[in-house]
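The values are calculated or read from the model by the stated rules, or taken from the named source; none is laboratory data. Since this is a predicted model, take the numbers as computed values, not measurements. Neighbour counts are summed over all protein chains in view; Cβ atoms, including those assigned to glycine, are modelled from backbone coordinates with ideal geometry. What goes into the accessible areas is simple: the full protein's heavy atoms, side chains included, and nothing from ligands, DNA or RNA. Shrake-Rupley method; radii C 1.70, N 1.55, O 1.52, S 1.80 Å.
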Amino acid sequence: MLCGTTSPCLMHFEFVLENPLELHNVVLEVQDINDNPPVFPKDSIKLEISEAAPTGSKLQIARARDLDVGMNSVQTYILSQNKHFVVDTKSNKDRYVDIVLKNSLDRETKGEHSLILSAVDGGNPPKSGTVVIGVFVIDMNDNAPVFSQPLYNTRLSENAALGTSVIKITATDEDEGANGQITYYINHLSDNTKELFKIDEHYGEISVIGQLDHEKSSSYEMEVQAEDGGGQTGHCKVVIEIDDVNDNAPVISVKSLKNQIPENITPGSEIAVINVKDQDSGENSRVSCSIPTSLPFQLQPYIKSYFIITTTRSLDREQIENYNVTITATDGGTPPLFSNITLNVQVLDINDNSPTFELQRYAVYVSENNKPGTSVCFVRATDPDWRQNGTVLYSLVPSEVSGVPLSSFLSINGDTGVIHAVRSFDYEQFRNFTVKVIARDNGSPPLSSNVTVKVFITDENDNSPQILYPVPDGKSLMTEMIPKTTLSGSLVSKVIAVDADSGQNAWVSYQIIKSTDPGLFTIGLHSGEIKTQRDISESDNMKQNLVISVKDNGQPSLSTTCAVNLLISDNLSEVPELKDKTYEDKNSKLTSYLIIALVCVSTFFLTFIILIVAVKICHRRKPRLLFDGAVAVPSAYLPPNYAEVDGAGTLRSSYNYDAYLTTGSRTSDFKFVSSYNENTLPA
């Protein structure tokens with residue numbers, strides 16, 4: 001009352017003292033005590049606020065008045081506990097107190113809010129004053145449609161028929177009238193989704209309008225909007241899971257493939273990487289793969305849906321040169337679906353096989369007198385390797401045959417293995433020889449093998465019988481003497497012949513083809529012994545000439561002839577003069593030879609007379625040989641390369657002779673040859 005709101009409250013006085021007179025100014029400060037409570041202008045206040053008012057909106061309330069000053073005046077305002085309003089304590093306005101909207105209002109939730117605002121002073125004890133504030137919320141279309149749940153989840157089989165109901169969603173709006181009428185929409189549909197689903201605008205039921213495919217999309221997510229009549233909207237999310245049906249077989253794709261592998265590839269080597277996918281899901285997509293167990297390969301899981309194919313054992317191209325590996329993939333659906341793919345793997349050749357001949361040894365028979373260049377034989381070696389590794393080249397191992405290089409006898413075609421004769425063979429020179437043939441492939445490094453070829457020269461009847469006795473020189477006349485007393489069956493002479501051929505080609509036979517007296521003599525077919533067929537009589541011609549044919553057993557047979565001259569006489573005095581049978585020789589050397597022979601005869605004339613007389617006395621009854629000229633009969637003459645075979649026409653025992661010289665003409669001398677073989681003539 002004294003000072004109002006002024007502070008400090010001072011009162012001024014003048015104090016006069018008499019005797020002595022003094023004047024003093026006195027200032028009295030009246031100190032306030034908290035004896036007045038805060039008082040609002042009204043006990044209750046009614047306010048209106050729109051439910052659409054944003055947070056932070058302010059309501060102004062007249063401040064409370066406290067007559068006290070200083071700390072005893074109103075120090076703070078306290079608002080009763082509520083969710084929507086607070087007092088702005090930072091406001092310094094002297095006339096109003098700001099009540100701030102902390103949280104948005106919703107008339108549909110609470111249409112009226114009752115608040116108590118208290119003003120408290122700073123006294124001790126403090127005093128306070130209150131006012132009741134009634135806040136009425138003005139209704140607005142501030143409620144959007146609200147779905148029963150923000151997220152709807154549902155499942156649907158991918159083979160669902162058209163028109164199938166997927167799910168029904170509902171939204172509510174607390175507003176009334178047109179603001180509470182809700183219409184449903186699907187927002188932001190893709191082209192694919194538009195063709196699959198639709199929603200009933202009034203009832204919110206979603207149904208199928210297209211063919212679903214889990215493999216294209218396993219789920220669909222869509223936003224459904226509910227809009228009221230005032231334009232307020234609400235939203236929710238609908239997730240539709242598409243349940244898989246096992247309608248897709250596994251798909252096999254080859255990511256890496258070695259379709260050509262060497263046959264010496266190490267077991268465990270990787271040859272292919274494959275990927276197997278099944279567009280289905282869950283058990284329907286669980287895939288198992290397999291390959292035939294009979295193949296030298298195995299299938300191993302790698303990572304995720306990848307598999308690798310590796311070798312399990314060594315390969316042999318010569319047995320199997322390519323493999324068809326069939327991979328079968330089966331899913332876990334019911335019923336299961338499967339698919340397969342075939343990989344062709346070719347085995348590349350390695351030169352791991354040497355050429356092999358068809359025979360371990362070859363025996364070849366070649367007729368002599370063959371033409372040079374004639375095919376002797378054909379050797380064949382096979383190599384199961386491929387191309388150049390299996391290409392076989394033939395060659396002969398250098399060697400010698402009787403000191404002559406083999407190349408002068410045989411040659412071989414390096415490509416075909418045909419062995420040719422380089423020259424004509426002669427059985428009488430060599431009968432067989434051995435050659436080694438090498439077969440070498442064309443690999444790297446090359447492999448080879450060899451085989452022995454034994455070449456046998458077969459005999460051809462290309463040699464006529466050769467007469468050893470009598471000597472067929474054609475330049476002398478040989479005459480054998482036969483006693484007149486020779487009996488039937490007596491051996492008077494023998495023709496000796498050989499044939500350089502072999503086997504039956506060397507079998508000789510003897511035959512008298514011409515004789516002075518055909519019935520007097522006969523000759524052994526195979527022995528060549530000339531014997532009398534009957535006793536010699538006085539009427540028989542003294543000179544007997546035989547023409548002997550010697551024929552071999554070849555096909556065709558070859559033959560030769562010789563002449564045997566026999567003289568039937570007991571002594572030389574009975575021998576008629578023999579005509580000179582010598583052939584005229586144009587060569588002048590013959591005259592020289594005759595002169596030398598004449599000198600020799602003259603020199604030893606007397607000696608030979610004595611010898612002849614002795615022969616006549618001692619060997620009167622033994623056969624004698626009369627030779628024209630000094631020609632000796634070889635005792636062991638055989639042609640070159642002749643092999644003596646019993647029964648082939650040679651003598652079975654040796655014959656030894658002594659020669660004696662007697663008088664005769666100037667161009668002819670006689671030699672009496674007496675045999676030391678006691679079996680020559682019977683006693």
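Within region 34-66, the set of residues being touching a residue at least 40 places away in the same chain (Cβ under 8 Å), among the hydrophobic types (A, V, I, L, M, F, W, C) and either surrounded by fewer than 18 Cβ atoms within 10 Å (Cβ to Cβ) or within 30 Å of MET140 (Cα to Cα) (or both) comprises VAL39, ILE45, LEU47, ILE49, ALA52, ALA53, LEU59, ILE61. Of all residues in region 137-159, those being touching a Gly at 6+ places or on another chain (Cβ under 7 Å) and of a type outside the set (Val, Ile, Thr) number 4. For region 411-423, a residue qualifies if it is touching a residue at least 24 places away in the same chain (Cβ under 8 Å), open to solvent by 50 Å² or more (accessible area, probe 1.4 Å) and assigned to a loop (DSSP other than H, G, I, E, B), and the qualifying residues are THR416, VAL422, ARG423.
How about region 164-182: which of its residues are open to solvent by 50 Å² or more (accessible area, probe 1.4 Å) and touching an Asp or Glu at 6+ places or on another chain (Cβ under 7 Å)? Of everything in region 164-182, those that are open to solvent by 50 Å² or more (accessible area, probe 1.4 Å) and touching an Asp or Glu at 6+ places or on another chain (Cβ under 7 Å) turn out to be SER165, LYS168, GLU174, GLN181. Scanning region 15-30 for residues that are open to solvent by 80 Å² or more (accessible area, probe 1.4 Å), farther than 29 Å from THR5 by Cβ and of a type in the set (A, V, I, L, M) returns VAL16, LEU21, LEU23.
For region 88-108, filtered to residues that are touching a Ser or Thr at 6+ places or on another chain (Cβ under 9 Å) and β-branched (Val, Ile, Thr), the residue that is modelled with the highest pLDDT is VAL100.
Here the strands (runs of 3 or more DSSP E) wholly within region 432-517 that include at least 1 residues being closer than 30 Å to SER411 by Cα and touching a Gly at 6+ places or on another chain (Cβ under 8 Å) are 432-441.
When we screen TYR152, TYR185, TYR203 for residues that are in contact (Cβ under 8 Å) with a residue 24 or more places away in the chain, open to solvent by 50 Å² or more (accessible area, probe 1.4 Å) and in a strand (DSSP E or B), the only hit is TYR185. Checking each residue in region 386-410 for being of a type in the set (Val, Ile, Thr) and either touching a residue at least 24 places away in the same chain (Cβ under 8 Å) or in contact with a Gly (Cβ under 9 Å, 6 or more places away or on another chain) (or both) picks out THR391, VAL392, VAL397, VAL401. Inspect region 338-347 for any residue being over 30 Å from TYR427 (Cβ atoms), hydroxyl-bearing (Ser, Thr, Tyr) and out of contact with any Pro (no Cβ under 9 Å at 6 or more places or on another chain) and give the result as yes or no. Checking region 338-347: at least one residue is over 30 Å from TYR427 (Cβ atoms), hydroxyl-bearing (Ser, Thr, Tyr) and out of contact with any Pro (no Cβ under 9 Å at 6 or more places or on another chain). Can you pull out the residues in region 518-543 that are polar (S, T, N, Q), surrounded by 15 or more Cβ atoms within 10 Å (Cβ to Cβ) and over 27 Å from ASP499 (Cβ atoms)? Of everything in region 518-543, just one residue is polar (S, T, N, Q), surrounded by 15 or more Cβ atoms within 10 Å (Cβ to Cβ) and over 27 Å from ASP499 (Cβ atoms), namely THR532.
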